[in-house]
Amino acid sequence: MKIKTFFYCLKQGFINLKRNKLFTLASVGTITACIFLIGLFYAVLVNIQHIVKSAEGNVCIEIFFDKEATDEQIKDIGEQIKRRAEFGTIEYISPEQAWENYKNQYFAEDPELAEGFADDNPLADSDSYKVTLNDVSMQDVFVDFVNDLDGVRKVNYSESTADTLTDFGKIVGFISGAIIIILLAVGIFLISNTIMIGITVRKEEIGIMKLMGAKDMFVRAPFMVEGVTIGIIGALIPMGVLYIIYKKVIVYILEQFNGIENVMTLLSTGEVFSVLLPAALIIGGGIGIIGSVITMRKHLRV
Amino acid sequence: MIDLQNVSKAYAAGTPAVNDMNIHIDEGEFVFIVGDSGAGKSTLIKLLLKELEPTSGKIVINGKELKKIKRKHIPLLRRDIGVVFQDFRLLKDRNVYENVEFAQIVVESPKEVRKRKVPAMLSMVGLAEKYKSYPHELSGGEQQRVAIARALVNDPPILLADEPTGNLDPKNAWETMKLLEEINKRGTTVIVVTHNKEVVDAMKKRVITIRDGHIVSDERKGGYSNEN
């Protein structure tokens, strides 16, 4: 397509939008509503995932070693763990550190009682690795692997916590995914309707164009411009609104619930919108193209 | 130029609209195709424009066999055939100049070419002074002349006119036919599908008469068959 023809098609697309003003507005309005909801679900979803991920980071697995395990053997176990795909972090807890932690936890109010063990560490054989995984759903596989390693005496882990977090993440993901798919379908349907009206209004003109030898792209391009424009405007408006709302919500939550940041952290506007804005523009433009192509395939064959 | 060899077109569960038709039209000819409603004229036009595919037979236009033309190349075939309709089919929201220019825009003609060709074509059809008028401000005859200018502005070697005088009074009908004759004299092959007995008889051109999808006569310097 020549550049001049491209601009002609662009202009015709905008003329179409103007001609079908009411339908254009209705479509932009409904796409705005759809993408607003998609954005809202996304913002909630990524925050829940972020919170779950943070919680997963706290799900620890403790690995204790055989009495006769050598330092070399313990080091080797650590190396093998680090090579696992699901490995997150690892920390070596020496017997002294273990006893220190124990004292702090259980003898904090009666430190004198702990003094009796000063020269005889009751946890002398309790050095361990404290491991977190980057994918908690892999905990069972990881624990089986570690249990099979030479020199490992015992593995402590919480099966139910990991399962609950994994299941919760999955449920949130499925529900959000389903809702987003439904909203996308609604968006495509609405854009398709607007384009169909445009095609009906210009049916005669299109027929004449085809008989005069207009190429398919020349006939279709203005309708694609129309669909993409509706989609992009319908994405920009809700993004602006969501940006303002999200910013205010974070400030509100932090102000209203003191100390909440110790329990859970929310993603910043930058973190959410650096993904959400381009995604919304791609979704808006995408449903514009898909909506117009589907309609043209159905109604534009001469 | 145009060759139909044993062309038939049957719609689902019906008698063929076009039945074993053989027509050969040379470059520069002026041909009337006449026949009653339902004789197969419209189907024939649609076959020539590749809006329909024949059930059997071969259609060749300008050396190109229509069956072998891919979908994406149909526009190029149509650029070789200017079409004029009974109901003019002008764009009501555009003036005379814009209507004719539209045909040039559609084939992506450069602006400089459009500026040269559109006024020239409007002068040829005698509407140079009415270039700013809108279709509703013109008479039927004038509207048909705009439609002819639009059909010819891309210099197609063939002009296909489907009942061009159907909506015109005798005076305008005659003027339109004279214009088509003038266009033919300039080298364009003109095919006119019509019901208009007076015009056909007066023009003394080649007349192909079709009935029930068959060619019943094909006469040089013929007239409208009495059987119609």
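For region B:88-99, give me each residue that is within 19 Å of B:Thr165 (Cα to Cα) and more than 10 Å from chain A (Cβ to nearest Cβ).
B:Phe88
Among the residues of region A:194-210, what is the count of those that are within 14 Å of chain B (Cβ to nearest Cβ) and either acidic (Asp, Glu) or assigned to a helix (DSSP H, G or I) (or both)?
9
Just to be sure I understand, how many residues within region B:1-56 are assigned to a strand (DSSP E or B) and among the small types (Gly, Ala, Ser)?
2
Can you tell me which of B:Asn62, B:Asn22, B:Asn95 is surrounded by fewer than 22 Cβ atoms within 10 Å (Cβ to Cβ), in contact (Cβ under 8 Å) with a residue 60 or more places away in the chain and under 30 Å from B:Arg116 (Cα atoms)?
Just a single option satisfies the conditions, and that option is B:Asn62.
Since B:Ala120 meets every condition but one in (1) crowded, with 16+ Cβ neighbours inside 10 Å; (2) out of contact with any Phe, Trp or Tyr (no Cβ under 9 Å at 6 or more places or on another chain); (3) under 21 Å from B:Asn99 (Cβ atoms), which condition does it not meet?
Going through the list (1) crowded, with 16+ Cβ neighbours inside 10 Å; (2) out of contact with any Phe, Trp or Tyr (no Cβ under 9 Å at 6 or more places or on another chain); (3) under 21 Å from B:Asn99 (Cβ atoms), B:Ala120 breaks only (1).
It is to be established whether one or more residues within region A:211-218 are within 14 Å of another protein chain (Cβ to nearest Cβ), at pLDDT 80 or above, in a helix (DSSP H, G or I) and in contact with a strand residue (DSSP E or B) (Cβ under 9 Å, 6 or more places away or on another chain).
Scanning region A:211-218 turns up at least one residue that is within 14 Å of another protein chain (Cβ to nearest Cβ), at pLDDT 80 or above, in a helix (DSSP H, G or I) and in contact with a strand residue (DSSP E or B) (Cβ under 9 Å, 6 or more places away or on another chain).
Give the residue that is farthest from the other protein chains (Cβ to nearest Cβ), with candidates limited to residues of region B:61-87 that are under 16 Å from the mean Cα position of the chain (by Cα) and assigned to a strand (DSSP E or B).
Checking each candidate, the answer is B:Ile61.
Of all strands (runs of 3 or more DSSP E) completely enclosed by region B:137-228, which ones contain at least 2 residues that are under 13 Å from the mean Cα position of the chain (by Cα)?
Fully inside region B:137-228 and qualifying: B:158-162, B:189-194.
The rows are residues; the columns are (1) farther than 23 Å from A:Ala214 by Cβ; (2) of a type outside the set (D, E, K, R); (3) in the same structural domain as B:Glu101 (by TED's automatic domain parsing).
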site: B:Glu112; (1), (2), (3): no, no, yes
site: B:Arg150; (1), (2), (3): no, no, yes
site: B:Ala161; (1), (2), (3): no, yes, no
site: B:Thr165; (1), (2), (3): yes, yes, no
site: B:Pro170; (1), (2), (3): yes, yes, no
site: B:Glu175; (1), (2), (3): yes, no, no
site: B:Leu180; (1), (2), (3): yes, yes, no
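Mind counting the residues in region B:100-126 that are within 14 Å of chain A (Cβ to nearest Cβ) and assigned to a loop (DSSP other than H, G, I, E, B)?
4
Criterion first (of a type in the set (A, V, I, L, M, F, W, C), farther than 14 Å from A:Met212 by Cβ and either modelled with pLDDT under 95 or not assigned by TED's automatic domain parsing to the domain that holds B:Glu129 (or both)) does B:Val31 satisfy it?
yes
When you go through A:Leu242, A:Leu267, A:Leu276 one by one, which is the residue that is within 15 Å of A:Leu40 (Cβ to Cβ), in contact with a helix residue (DSSP H, G or I) (Cβ under 8 Å, 6 or more places away or on another chain) and at pLDDT below 90?
The match here is A:Leu267.
Within region A:62-72, is even one residue in a helix (DSSP H, G or I) and surrounded by fewer than 17 Cβ atoms within 10 Å (Cβ to Cβ)?
Yes, that holds for at least one residue.
Give me a count of the residues in region A:183-201 that are among the β-branched types (Val, Ile, Thr) and touching a Cys at 6+ places or on another chain (Cβ under 9 Å).
Final tally of qualifying residues: 1.
Being closer than 30 Å to B:Arg79 by Cα and touching a Phe, Trp or Tyr at 6+ places or on another chain (Cβ under 6 Å) is true for just one of A:Ile197, A:Ile206. Which residue is that?
The match here is A:Ile197.
If only one of A:Gly88, A:Gly78, A:Gly29, A:Gly13 is out of contact with any Cys (no Cβ under 7 Å at 6 or more places or on another chain), assigned to a helix (DSSP H, G or I) and outside the structural domain of A:Gly284 (by TED's automatic domain parsing), which one is it?
Exactly one residue qualifies, and that residue is A:Gly78.
Which of the residues belonging to region B:22-42 are farther than 16 Å from B:Leu180 by Cβ and under 13 Å from the mean Cα position of the chain (by Cα)?
Passing the criteria: B:Lys41, B:Ser42.
The values are calculated or read from the model by the stated rules, or taken from the named source; none is laboratory data. If you're wondering where the values come from, they're calculated on a predicted model, not measured in any experiment. Here Cβ is always computed from backbone atoms with ideal geometry, including for glycine, and neighbour counts include all displayed protein chains.
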